[in-house]
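Structure, as structure tokens:
The values are calculated or read from the model by the stated rules, or taken from the named source; none is laboratory data. Since this is a predicted model, take the numbers as computed values, not measurements. Every residue, glycine as well, gets a Cβ built from its backbone with ideal geometry; the counts of neighbours run over all protein chains shown.
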Amino acid sequence: MSSPKITYAQLLETNNLIQQNADEVYWLCATRTVQESKIFPVSAYILFSYLNAFYRYPPLLRKIEARMSAEEIGDRARNQGIKIVAWCFPCFYLLGREMLINWGVIKPTDAVEDVVYVLDFWKRFQLSWHRNNGNLTNKQAGHRAQILPEQRLQVFHADAYECREGDPLHKAAQGFLATTAQYGFLVSCESRLTLHNHGPYKISDTRELLVRDFLELSESDVPWLDGVGQDIPYNNLTVTMIVEGCHINLLDDWGSFESVPELKAEHMVAVGLYSADTLSNGHVPIGMASREELTATFRDLTDRIKLATTKLWRQMAGWTRDQQLDAGALTYYGVIKEFAHIAGVYAMEDWMLIDERAERFRPLLNDEYGNLFLGELVGYISSPSQRMHEYTMMQHNDQPSKALSYFPYSILASGDYTPGVGPLRAGVSTLPRKNDRYRTSQGVLSLAEYNKRCRAFVPTVCEDAYRFLCADWVKYHYDSPLADEFFKITQRQSRVLKDQGATLSRADVEALRTSANKKDALSRGHAMSIPTLHLVMHGVAIKKHAAAAEIASVVALPVAAVNAELTTACATGRVANANDKYMLTPAGQMILAGEYSRFYGELRAEETFPQAYSRFEQINKDLKQLITEWQTVEVGGARVPNAHADRAYDLRLIARLGDLHERVEPLLTQMIASVPRLSIYKKKLAHALEKAEDREIVWVSDAKIESYHTVWFELHEDLLRFLGKQREE
């Protein structure tokens, strides 16, 4: 007998945490739809994952916590948007323990210190993760998962684009949601672990925000996405959905939700798209510069994910049952592998192998036994270890049962228990070894480099100056410089709230959003709802004779979308292809010219945009004069080509170009408010000027690159075309 290393208080709390998990696992399994797969041995691999979790979680969590505490991991996960279904891991672990107790492999007095530690880690992570609502679980919060801080919710609220069923953005978003859910279902071996929801967050009396996370989309941890997901540019994606006309009355610890009435496509009235991972400073907007760009981004990602789904089906069709069993078990068991990434200690051998102690039970886990035993374990709660004395009634079903076994308190007096399962042991897998490629927000990295960067990276909001600034602090210090600074961190990439600071109420955010939507609605009338084919033909007209990527660069569309429209345009005789360089045919020129007045009629009729264009034309005359002086110099009363031998002369002209740019920038900003895709010109002009001011003089007017004059010329051509103007000679 050994002296107990645990206290009565620890054991009381551990049994309480066991019971909380027991009650919720039964409720979730009893109320959530369970569909038996005809492809994967789901019940068998779930049981296999439980065994792997029991043997591997304790040493792996200790390895993680040697680098970073559970509480800090919770802070990182909450602020970086990491998608962890953290409620699952104590249940998987405890159900593995319950299986072994039922089989007589271990006793309820075994692995006591392991279980105490695992549940304490979970408790500390969960309390940190749920810090903003003060609960341990969604169940404690009345089945709500209100995880995110105010400043992040304000950005999600403000930047979401309005949409209605049937409009291009709504259809693109719904197509993406359906396609990605199907892909994720396959990636996770017909489970839901690649999809998670949290919320609801109150937007108004009639609107709520639901945040939906998709993870494991690209080449990352699981070997079966090597090659399959290589063309998907983000491993994690978050869709923010504002819904109207229904109330999300339940969101459980599995991330499943219910609403009254049932949430349907028609209820989604605004949407946004973001990505986040262990190396990002929070949620990074994806395709959010304009409604048009977001629509195209959803479509592009949908096409990529459809292709990846086809590749994955082909691969999985050739798997043996053992490979299916391993993949499913590792998916379930690996639900918390993101902890190791956050801490920078991830190892493939830790998370993508079946422990040799779990492997012993593979022959037992045939389909029939897997289905029957899993049903007994989490459904009927009828196994011998789950029976209680006859005077008790279990929560939810009133039977004398409990889903998970307690520790007997007698061990505190007798010391008759075993502390744990020991160190990590070797593992096996029938799957191919994982390639050393990991898709991150900082590019595709080797695992060594990924871990190195994770260990060095601290999200700004988790730095010492900001980490413990919470809603209760903000409430009393919202008008302080530090609060402003704190909110501006999250607002940096916001389309609507950039640099607004900490003093906004929800009503203020809605007012700013409404103002932005009015501008967006105006844009939609003449730019945002324009068919993609028209935009691509417009780009061809501006570029004259160019490749798809060059055309995409002036119409703010993904190259894949441009290629698709070019194929259509060539097939219908509007565009000609000469060695992958495209130009308008005479028929295409006529069609395009006839479309401008239809799509841009409202823009031409309004006051603000034509006025801004008129002032732009004034500056255009000054630019023409400046470029004349740049390209030629006066010698003996005649102008001759400038050989750029007089550096002082050139620098004076570049300084004048800088002054001219300062004059045109406000006009560009005004025009971009109506036609957001014009922002690409603003960026290109600023880039060219910066290069020229660094004395790289080719960036002033060289026609072979996107010099200042080249970009200006294309911008002018763009404006002339959709406003129906003629270029002055």
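Scan the stretch 424-461 for residues that are free of Cβ contacts under 8 Å to residues at least 40 places away in the same chain, exposed (fewer than 15 other Cβ atoms within 10 Å of the Cβ) and in a strand (DSSP E or B) and the total you get is 1. Flag set for E219, criterion: within 16 Å of the chain's Cα centre (by Cα), modelled with pLDDT of 90 or more and assigned by TED's automatic domain parsing to the domain that holds V444.
Evaluate the following for S674: is it over 16 Å from E662 (Cα atoms) and touching a residue at least 12 places away in the same chain (Cβ under 8 Å)? Yes, satisfied. Of all residues in the stretch 119-129, at least one satisfies being more than 25 Å from the chain's Cα centre (by Cα), crowded, with 22+ Cβ neighbours inside 10 Å and either outside the structural domain of A289 (by TED's automatic domain parsing) or not charged (D, E, K, R) (or both).
Looking only at residues in the stretch 626-650 that are of a type in the set (A, V, I, L, M) and in contact with a helix residue (DSSP H, G or I) (Cβ under 9 Å, 6 or more places away or on another chain), the one that is surrounded by the most Cβ atoms within 10 Å (Cβ to Cβ) is L626.
Scanning the stretch 196-207 for residues that are surrounded by 22 or more Cβ atoms within 10 Å (Cβ to Cβ) and outside any loop (DSSP other than H, G, I, E, B) turns up G199, P200, Y201. Scanning for something assigned by TED's automatic domain parsing to the domain that holds V335, in contact (Cβ under 8 Å) with a residue 40 or more places away in the chain, surrounded by 23 or more Cβ atoms within 10 Å (Cβ to Cβ) and among the polar types (S, T, N, Q), does the stretch 80-102 turn up at least one residue? Yes; the residues of the stretch 80-102 include at least one that is assigned by TED's automatic domain parsing to the domain that holds V335, in contact (Cβ under 8 Å) with a residue 40 or more places away in the chain, surrounded by 23 or more Cβ atoms within 10 Å (Cβ to Cβ) and among the polar types (S, T, N, Q).
Restricting attention to the stretch 549-608 and to residues that are among the basic types (K, R) and in contact with a helix residue (DSSP H, G or I) (Cβ under 8 Å, 6 or more places away or on another chain), the residue that is farthest from D303 (Cα to Cα) turns out to be R604. Criterion applied to G573, G588, G601, G594 was being small (G, A, S) and modelled with pLDDT under 85, and the one residue passing it is G601. Criterion first (more than 27 Å from F48 (Cβ to Cβ), exposed (fewer than 13 other Cβ atoms within 10 Å of the Cβ), assigned by TED's automatic domain parsing to the domain that holds D23 and in contact with a helix residue (DSSP H, G or I) (Cβ under 8 Å, 6 or more places away or on another chain)) does Y409 satisfy it? In short, yes.
Would you confirm whether any residue within the stretch 221-228 is under 20 Å from A173 (Cβ atoms) and surrounded by fewer than 23 Cβ atoms within 10 Å (Cβ to Cβ)? No, because not a single residue in the stretch 221-228 is under 20 Å from A173 (Cβ atoms) and surrounded by fewer than 23 Cβ atoms within 10 Å (Cβ to Cβ). Restricting the stretch 477-512 to residues that are among the hydroxyl-bearing types (S, T, Y) and either without any contact (Cβ under 8 Å) to a residue 60 or more places away in the chain or assigned to a helix (DSSP H, G or I) (or both), the residue that is surrounded by the most Cβ atoms within 10 Å (Cβ to Cβ) is T490.
Here the stretch 606-616 is the region considered, the condition is being part of a helix (DSSP H, G or I) and without any contact (Cβ under 8 Å) to a residue 24 or more places away in the chain, and the residue that is surrounded by the fewest Cβ atoms within 10 Å (Cβ to Cβ) is S614. Scanning the stretch 433-471 for residues that are in contact with a helix residue (DSSP H, G or I) (Cβ under 8 Å, 6 or more places away or on another chain) and hydroxyl-bearing (S, T, Y) gives Y438, T440, Y450, T460, Y466. Kindly provide the set of residues from the stretch 388-399 that are free of Cβ contacts under 8 Å to residues at least 60 places away in the same chain and within 44 Å of the chain's Cα centre (by Cα), ordered by number. Correct list: M393, D398, Q399.
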